[in-house]
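None of the figures in this text is laboratory data; all of them are computed from the coordinates on show. In this text, all values refer to a predicted model and were calculated from it rather than measured experimentally. Counting neighbours? That spans all protein chains shown, and the Cβs are built from the backbone with ideal geometry, glycine included.
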Amino acid sequence: MSDPTVIQPGHYGHYPAIMTQAALDTMTRQAREDPDGFWLQQAGRVQWHERPTRGFEGSFEGNVSIAWFADGLLNVSASCLDRHLADRAGQVALIAHREGHGEAERLTYAMLHERVCRLANALTALGVKKGQRVAINLPMISEAVVAMLACARIGAVHVVLFGGFSADGIAERLVDSGAVAVITASVAWRGTKRVPFKETMDTALSRAGAASAVRAVLVVRTADDAVPMLPGRDRDYHDFVDRCDADFAPVIMKAEDPLFMLYTSGSTGKPKAVVHACGGYIVWAAYTMDMVYTHRPGDVLWCTADVAWITGHSSVVYGPLANGGTTMISDSLPAYPHPGRWWDLVDEYRVTMLFSAPTAVRAMMADGDDVVNRHDLGSLRLLGIAGEPISPDAWLWYHDVVGRKRCPVADTWWQTETGGIVLGPVPGVQPLKPGSATRPLPGIEMAIADAQGRILHGAAEGSLCIARSWPGQARTIWGDHARFCQTYFSKVPGFYFTGDGARRDSDGYYWITGRMDDVINIAGHRLGTAEVEDVLGDDHRILESAAVGVPHPVKGEGLVVFIMPRGDNAAGLTGEGVARLISQRLGRYAAPEAVYIVPDLPRTRSGKIVRRLLRKIASGETGNLGDLSALTDTAVVGMICNRVWGEM
Ligand code: WT7
């Protein structure tokens with residue numbers, strides 16, 4: 001490996017660094033020597049009703065248990081809103097830009113507080129109680145932020161569901177979570193595409209039928225068209241909520257009470273909901289956002305992630321608001337109505353910190369430098385990315401062309417399960433290496449394990465693990481603690497297993513090599529190949545299928561599916577039909593790049609499909625298929641190559 005570029009912090013001469021390298025080293029040392037003391041001190045970043053005296057309690061062994069600040073009492077919405085009313089009631093907390101709607105909505109802390117209280121009253125009037133789940137299925141509009149905080153205020157557990165999920169995907173998650181109420185919108189626009197939120201929700205609720213516990217649906221009317229409403233169940237959000245009282249005393253929660261759950265994909269079976277706890281999560285969101293982003297008066301943070309992802313939870317809503325910042329949301333697309341749309345918005349709203357995904361960076365890079373160069377972008381001081389590996393090229397483009405070499409790029413590595421940033425730079429303090437997610441934040445004990453689960457020291461490559469609990473860690477998988485223990489704690493006993501591969505260089509910088517399990521990352525969206533195969537298993541014309549991820553120039557990875565039809569009963573089975581089935585059942589984001597119908601699949605003698613080979617074939621690495629001696633029938637490989645690439 002040639003020596004990569006290193007950009008020293010001195011390069012950003014005027015960058016308002018949060019601390020010195022020496023102070024950062026001290027923090028790192030304190031966190032290692034006295035973790036409980038360190039985290040109890042960090043807990044002071046948020047507002048407690050009763051300040052905790054207990055740090056971590058639990059164990060990564062056996063029946064894993066994780067608790068932080070167990071004797072603390074708080075309400076997360078109070079920490080994000082009420083707390084700021086004394087000194088920044090009039091400061092804008094949320095800028096909500098909507099394409100085609102003229103002036104953005106600007107909600108001050110006082111206004112946001114009022115809206116959250118009204119919805120908290122409304123939900124209470126609908127019978128929603130502490131501990132019950134509320135599903136939120138909204139586009140990027142202010143009500144999405146209000147809804148999350150209102151749930152937090154009444155102690156209900158929010159479950160934000162992505163607008164790209166299909167009706168089946170939503171139905172499955174409504175049933176699994178046991179949600180009692182839903183907050184949705186009539187429609188949304190993605191460019192010229194109409195996304196029928198309410199229609200999809202109606203279909204989901206009717207499919208879920210008696211298995212769903214949903215009693216009430218609040219509908220934000222986002223367009224003038226008539227929306228079919230089911231009397232007794234559906235209510236117009238603003239008609240109902242705006243009449244409710246503007247005050248609601250926050251429900252005091254134990255630190256370990258759940259704040260939210262969020263569905264994510266794993267390597268086996270159905271999507272699972274990871275559960276995050278009030279106290280640890282909010283401390284973690286506040287801490288990580290401060291270390292990497294450091295809101296200062298006048299800052300506008302625009303994180304382009306959808307609220308339905310953990311990035312949306314921590315970097316759009318909870319992190320910025322816990323720190324008293326100004327956060328921006330927008331339903332815009334980077335290249336609609338024209339390439340460079342996001343740069344217009346950066347200039348229009350004087351965005352100081354832009355946080356996006358590598359897939360967006362690659363797409364905007366493809367539009368060419370001129371598009372960027374036509375904009376001022378002088379307001380920016382920090383650029384961030386998360387969600388997938390970024391190549392040094394794309395990193396440098398973001399840094400040089402968008403950031404004009406003035407703005408550090410913070411590549412942050414984290415997961416739904418980690419609650420917030422785990423690897424990432426403290427900008428202006430640490431040297432940056434394009435393509436590396438830099439180093440663990442103080443308090444994180446990262447580790448690399450080999451295939452046998454042995455911990456490697458110094459420069460090494462292997463599976464990325466975390467040695468010790470941190471407050472923002474997910475506590476369990478909803479309804480399936482055994483799966484939680486199995487997925488994250490059985491591979492390398494005593495360690496949290498991330499599922500990612502990584503290389504650590506001799507400076508202690510981490511270079512993520514991607515997932516090591518059967519999870520693929522399509523434009524920052526996690527998808528388990530088993531989920532795809534599950535759906536295909538329901539089609540009686542398909543005997544067996546194998547889904548794999550292949551490199552994609554913009555999306556990072558794309559889905560390719562191999563189908564083995566049932567010999568006697570496969571009439572009408574087509575690649576397009578299979579692609580449609582996947583989008584219908586899982587959502588648009590899962591649409592495959594290619595579907596190949598093949599007579600057989602490569603297998604080991606024990607019958608396991610060799611996905612590694614299929615991945616190589618699908619990505620064109622047919623010259624380097626490796627050792628085929630473990631296969632039952634090597635002729636299958638040639639046959640599949642021919643099917644994919646023509647006669648070879
Ligand atoms: C997976 C987690 C960042 C939170 C949103 C995604 C991949 C995440 C990076 C990065 C390389 C990354 C990993 C991880 N990933 N950040 N900076 N560099 N890969 O949360 O949907 O739970 O996905 O995203 O593979 O395991 P998620």
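Values for this structure:
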{"item": "Spherically averaged projected area of the chain from its Cα convex hull (nm²)", "result": "29.1"}
{"item": "Evaluated over the range 522-644, the Cα radius of gyration and Dmax, each in Å", "result": "14.0, 39"}
{"item": "Reachable lysines, given that their alpha-carbon falls under 30 Å from the alpha-carbon of residue 130 and they are not under 8 places away in the same chain", "result": "198, 254, 270, 272"}
{"item": "Stretch gain in nm, segment residue 101-residue 6, where the contour uses 0.36 nm per residue and the Cα spacing is subtracted", "result": "29.9 nm"}
{"item": "Residue-span extension gain [residue 605 to residue 247] - 0.36 nm each, minus C-alpha spacing", "result": "122.2 nm"}
{"item": "Cα centroid separation, the range 429-499 to the range 36-98 (Å)", "result": "23"}
{"item": "At R0 = 51 Å, FRET efficiency that the Cβ-Cβ distance of residue 236 and residue 57 yields, to 0.05", "result": "0.65"}
{"item": "Footprinting exposure proxy for 192, 604, 498 (fewest neighbouring C-beta atoms within 10 Å first)", "result": "192, 604, 498"}
{"item": "For the chain, size of Cβ-based charge dipole, Lys and Arg +1, Asp and Glu -1, in debye", "result": "520"}
{"item": "Loop-resident sites, the range 110-207, for trypsin sites (Lys or Arg not before Pro), counting at most 14 other Cβ within 10 Å (DSSP)", "result": "129, 130"}
{"item": "Loop-located GluC sites (Glu not before Pro) in the range 534-601, at most 16 other Cβ atoms within 10 Å (DSSP)", "result": "593"}
{"item": "Of all DSSP beta bridges in the chain, antiparallel share, percent nearest 5", "result": "60"}
{"item": "Virtual spin-label span in nm between residue 457 and residue 223, 7 Å along Cα→Cβ", "result": "6.3"}
{"item": "Residue 41 paired with residue 211, simple spin-label distance in nm, labels 7 Å along Cα-to-beta-carbon", "result": "5.1"}
{"item": "Ascending count of other beta-carbon atoms within 10 Å, so fewest first, for 59, 356", "result": "59, 356"}
{"item": "Footprinting exposure proxy for 141, 252, 282 (fewest neighbouring C-beta atoms within 10 Å first)", "result": "252, 141, 282"}
